[in-house]
Each structure stands twice: as structure tokens, then as C-alpha cells.
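Values in this text are rule-based calculations from the coordinates and carry no lab data. Here the structure is a predicted model, which means the values were calculated and not measured. Cβ sites come from the backbone with ideal geometry, for glycine too, and all protein chains shown count toward neighbours.
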Amino acid sequence: MKIYICPALMDALVFLVTFAVMYRAGERGMSITQCAWMAGLFQLAYMLTSLAVGFLLSRRNTRVILLAGTVLCTLCGVTCLMAQEFRLMLMAFGGLGIFMAFFFNAFQAFMRTESAPGDLKRAIGLYTLAWSLGSTAGIFSSGFFYQLGFTILSALILLVGGAMLVVLLMHKPRPADAPSADEHVERGSVKASPVDPVYVWIGWLMIFMAMFVQRPVHTFFPAISAKAGVSAFVTGLPLCLQMAVQGVVGLAMIRWRHLLYRRTPLGLIHGGAALLVLVMWWWPTLPVCFLGISLLGGYAGFVYFCCVYYASNSGRRSFNIGVNEFLVGLGSFAGLFISEWVMKRTGNDASMYLVIAVALLISLAAQLAIASRFRRVGAEP
């Protein structure tokens, strides 16, 4: 149970460092191009490293890669904060993306090997709750800690990194020959749909879409609100609530395992999210967007649980998770640039929500087509 503190702390660390780096870039008058280079390099490093780590991970090297990712993420985070030159800051921020991929890919493999057969759903539920709450804490506290100065912020990053390292080192791993969730196929209740490996592909579409939805909202909503004169505190609340709802729904999925490997819940959750975003596009007022963004956490919690579960319950699991994490970056890129392009062409900031709604419906159609055409009832992975 204690090891799930680590993804929460790591996400908080990454949000704190990212906010500080980008805010300081603005204070120093760095160009939008320089900021784009930093953000783009971070995402690209994370995407490519995730694929590589997915190939390399095994039960024997998982703990070493996880510990290395923890230490190196902490050091890169401090370097980002203390760097005075753009080139050093750029390299350190790119390094943070690389070693964050080490950490999150290795942690998901680690939690599978540390879970007994049949405990996969519990592990993924706790993992979803942990990183979601870590993101919430990072978003909510980043502005406050930034005001305290880089020395105190660097000390906080070192403290967070040290806490993760202590938790991981104190954890007594399961014997190497003990059966684990990593080799076991979890089937759920008798009434649940049977495990079908085609849902790994559906999970990949789901995680791409989750980031396509989430990244533009988290990037552009603060800017839209600022132009409308909404305070930073009020603007940040729905983003925090979204991550909190996401974590709670992810945890609840432990008891809702019967919803997996089925087309009806898939259609309802994506269709509901599309309808919600269309309402935000039609009435882009602060109360509507506040409620809509918060409720999107329910969609995200379901989707993140499903995509990790499908990837972790069939086939080459570490590779599947590597593709998942690669698509996290790709979905972010696609959501940002397509939304930004449409917003510029239409001259309407609310067009972002229409783009998201259309993409959700297209993704849903693709997922249902895959499930209907390739589904093999009772198929074994």
C-alpha cells in the first residue's frame, strides 16, 4: 500500500517543476518558441523513452530502473530550477521527460509483480487514485511554492525525491519465484465479459483520446479565463476537481470490474463525455465550464483505469504499457495543436470544446468498430 505514495509524489514533483520552469520563462521574457521547444522536447523524450523502456523491462531489472528513475528525476528537477542558462534548462527539462518515463513505466511493472494473482484491479485502482491526487496537489500548490523562491522549492523537490526513495528501499519485494499479477490473467466475475486481447488496441485508442481531451483543457482554459478576468484561484479549482474526481472514479473501478471488456459502458462513457463538452461549446459560461470540466474527471477516471488494465492483463504487458505512455505524449500533441489551429481559424476560443467532442465521437466509432469486428468471444490472450 505504501508504494502507491510514490506515483502521487512523482506527479506532484513534475507539476511543481513544470509550473516553475514555464512561469520563470515568462518572467525572463523567453519567447513562445523557446517555451515550445522545452515543452516539445519534454513530451518527445517521454514518448520515445517509454517505447524503449517497454522493450527492456523485465522482472529482474524493474526495481533498478524504478530507483534510477526516482533519483534522476529528482536531480533533473533541481537542475531545472537552479539553471541560469536556457540551454542547461532545456537539457534538464528534457532529461526530466526521459527519467519520468523510466519511473512510470517501471512502477506499473513493479506494481504488477508486487501484486498477487487476482489483485490487478486493486493495484490499478490505487495507482489511478495516487497519481491523480498527486496531480491535484501539484496543480493546486505550484503557485504558492513558486512564491517561496527557488532555494526552498529545490529543497522541497529533494525532500519529495528522498521520500520516494526511502519508501521504495524500505519495501520488501515479493520473492522472485512467487506468482504475481504479471503472469496471471484476471477474469473477473462469471457475468463479466471474457478477457479479449483486442481490448489492448481499444485501450490504446482510449488513452490517446483521454490526453487529447485533457491537455487542451488544462492548457487553454487558464488563458481563456484570464482574458475573461477570472481569478487564478477560481480558474484552478475545476482543474483540481477534475483530477480529484478522476482519482475517485479510478478507485471505484475496483468494484466495477464487470464494466470492462464490454461495448455498452464504452459507448455510454464516451457519448456522455461528448455531450458534456458539446454543452460547454454551446454555453461557454464560467458556471457551465466549471461544472463540465469537473465532471470530465469521471470520464478520465474510467478511461485511465481501463487502458492500464487492458494493457496489463494481456500479452506483452511491459511493452503494452510502453505504448500507452507513448500515446500519452502523442495525444497531448494532437489535442493541443489541432485545438489551437481550429481556435485560430474560427476566432472562437470555445471551438476547442467542439474539436474535443468531434474527436470523442470519432474515437468511439473506431473503438466500437474494433470491438464488433475483431471481438472473439471467450478468446484467450
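Treat every Asp and Glu Cβ in region 198-374 as -1 and every Lys and Arg Cβ as +1, leave all other atoms uncharged, and give the resulting dipole magnitude about the Cα centre to the nearest 20 debye.
Details: 11 positive and 3 negative charges, 88 e Å.
Its charge dipole is roughly 420 debye.
When N is the residue count of the chain, what does its C-alpha Rg come to as a fraction of 2.2 N^0.38 Å?
So the Cα radius of gyration is 0.96 times the expected 2.2 N^0.38 Å.
Between A365 and L88, what is 0.36 nm times their sequence separation minus the Cα-Cα distance? Round to one decimal in nm. Each step should come with its number before you reach the end.
Numbers: separation 277, 0.36 × 277 = 99.72 nm, distance 4.47 nm.
Stretched out fully, the A365 to L88 stretch lengthens by 95.3 nm.
From Cα pairs below 8 angstrom and at least 6 apart in sequence, can you work out the relative contact order of region 2-170, rounded to a whole percent?
Numbers: 188 pairs, mean separation 73.4, N = 169.
Relative contact order for region 2-170 comes out at 43 percent.
Sequence gap of 8 or more, or different chains, plus Cα separation below 24 Å: how many lysine pairs satisfy both in the chain?
Details: K2/K121; K2/K172; K121/K172; K121/K191; K227/K344.
Within the chain, the lysine pair count is 5.
If you place +1 on the Cβ of every Lys and Arg, -1 on the Cβ of every Asp and Glu, and leave all else neutral, what size is the dipole of the chain about its Cα centre, to the nearest 20 Debye?
Here the chain has a charge dipole of around 640 debye.
Note down the relative contact order for region 45-126 as a percent, whole number, built from C-alpha pairs under 8 angstrom at least six residues apart.
Working: 78 pairs, mean separation 34.8, N = 82.
Relative contact order for region 45-126 comes out at 42 percent.
Can you figure out the FRET efficiency of Q147 with A223, using R₀ = 22 Å and their beta-carbon distance, to the nearest 0.05?
Numbers: r = 21 Å, r/R0 = 0.94.
For Q147 and A223, the calculated efficiency is 0.60.
Go ahead and set up a Gaussian network model of the chain, Cα springs under 10 Å, then flag whichever of S314, S225, S135 fluctuates most.
The residue that fluctuates most here is S225.
Using alpha-carbon positions, what is the distance between the centroids of region 244-282 and region 321-378, in Å?
The distance from the Cα centre of region 244-282 to that of region 321-378 comes to 15 Å.
How much length would be gained if the chain were fully extended between S231 and V342, taking 0.36 nm per residue of separation minus their Cα-Cα distance, in nm to one decimal?
Gain in length upon complete extension: 37.4 nm.
Tell me which of I5, L156, M170 sits at the most positive position along the dipole axis of region 2-170, charges placed on C-beta atoms (Lys, Arg +1; Asp, Glu -1).
Of the options given, the answer is M170.
Between L51 and H171, what is the label-point separation in nm under the 7 Å Cα-to-beta-carbon projection?
Label-label distance for H171 and L51, simple model: 2.8 nm.
Over the chain, calculate the relative contact order: mean separation of alpha carbon pairs under 8 Å at least 6 apart, over the residue count, as a percent.
26
Filter the chain for me: DSSP H helices, axial length by Cα at least 15 angstrom, mean Kyte-Doolittle hydropathy not below 1.0. List them by residue number.
Helix filter hits for the chain: 5-27, 32-56, 62-82, 86-113, 150-170, 198-227, 232-252, 263-282, 286-312, 351-374.
Once each part is reduced to its C-alpha centroid, what is the distance from region 152-220 to region 52-81 in angstrom?
Measuring centre to centre over Cα atoms gives 15 Å.
Taking the convex hull of the alpha carbon atoms in region 2-170, what volume per residue do you get, in Å³?
It is 104 Å³ per residue.
Using the Cα centre of region 198-374 as origin and beta-carbon charges of +1 (Lys, Arg) and -1 (Asp, Glu), tell me which of T285, A244, Y309 is placed farthest towards the positive end of the dipole.
It is Y309, whose Cα lies furthest towards the positive end.
Per-residue ellipticity at 222 nm for the chain, helices alone: DSSP H runs ≥ 4 residues times -39500 (n - 2.57), over residue total, nearest 500 deg cm²/dmol?
Rounded to the nearest 500, it is -27500 deg cm²/dmol.
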